[in-house]
Amino acid sequence: GAVVSQHPSWVICKSGTSVKIECRSLDFQATTMFWYRQFPKQSLMLMATSNEGSKATYEQGVEKDKFLINHASLTLSTLTVTSAHPEDSSFYICSAIPGGDQPQHFGDGTRLSIL
Amino acid sequence: GENVEQHPSTLSVQEGDSAVIKCTYSDSASNYFPWYKQELGKRPQLIIDIRSNVGEKKDQRIAVTLNKTAKHFSLHITETQPEDSAVYFCAASPNMLTFGGGTRLMVKP
């Protein structure tokens, strides 16, 4: 089955640090990947749609200069949280669609804690 | 854009009983309705999905029904087991997923 790998699984860092999260499709090519954020006891909120070879599409209210997305290849998308602050602490999850009518497959998520 | 409402937010049932979770959506263009199960600190896992050309789908103890006219769909879990305890999310998609608020299901042994 389609596998989406996400790294790292857990990050703890100081305020002001930039953090990069990688999302890889291991056995399929994904022209589109999605980045979600999930706060404790809340639902998944779509942050942006990552498109291979072009700019990401950000949802309303998501700062594109703070959450940098790069989709440089058909199997890798990265999310960089720049100058992270405690309010950015959250669970970040990526997903990808293998193609056609197949469902989205999610990565294992990255728990980001900013001190 | 799409808006998905999910009820109830918490549901407690006795082992062996049935559990029903309901969702409504707003965008009539939505044509794909998956259900995900998420355990604490883990990724959402697809448990069943349905497309708008089908009214009902069943997979062992899990079933989903869709009423396009009323714009609502439901998840039914029969013969619940303690390992069914988790948070369940519905979603609707015309082209990208919009998630409901989630239902915390607790199955008491």
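The values are calculated or read from the model by the stated rules, or taken from the named source; none is laboratory data. Source: prediction; values computed, not measured. For neighbour counting, all protein chains shown are included, and Cβ atoms are generated from backbone atoms with ideal geometry for every residue, glycine included.
In region A:33-115, counting only strands (runs of 3 or more DSSP E) that sit wholly within it, the ones holding 2 or more residues that are under 19 Å from A:Ser18 (Cα atoms) and within 14 Å of another protein chain (Cβ to nearest Cβ) span A:45-51, A:90-96, A:110-114. Considering (1) under 11 Å from the mean Cα position of the chain (by Cα); (2) closer than 21 Å to A:Phe34 by Cα, the lone condition that B:Leu75 does not fulfil carries the number (2). Within region B:68-81, residues that are on the phi > 0 side of the Ramachandran plot sit with their Cβ atoms under 9 Å from residues that are of a type outside the set (Val, Ile, Thr) and surrounded by fewer than 17 Cβ atoms within 10 Å (Cβ to Cβ), at 6+ positions apart or across chains, in these pairs: B:Lys71/B:Ser26; B:Lys71/B:Asp27; B:Lys71/B:Ser28; B:Glu79/B:Glu15; B:Glu79/B:Gly16; B:Glu79/B:Asp17; B:Glu79/B:Ser18; B:Glu79/B:Arg61. The number of residues in region B:95-109 being under 18 Å from B:Gln6 (Cα atoms) and in contact (Cβ under 8 Å) with a residue 40 or more places away in the chain comes to 10.
From the list A:Ser15, A:Ser5, the one residue that fits, being more than 25 Å from B:Asn95 (Cα to Cα), small (Gly, Ala, Ser) and either assigned to a strand (DSSP E or B) or at pLDDT 95 or above (or both), is A:Ser15.
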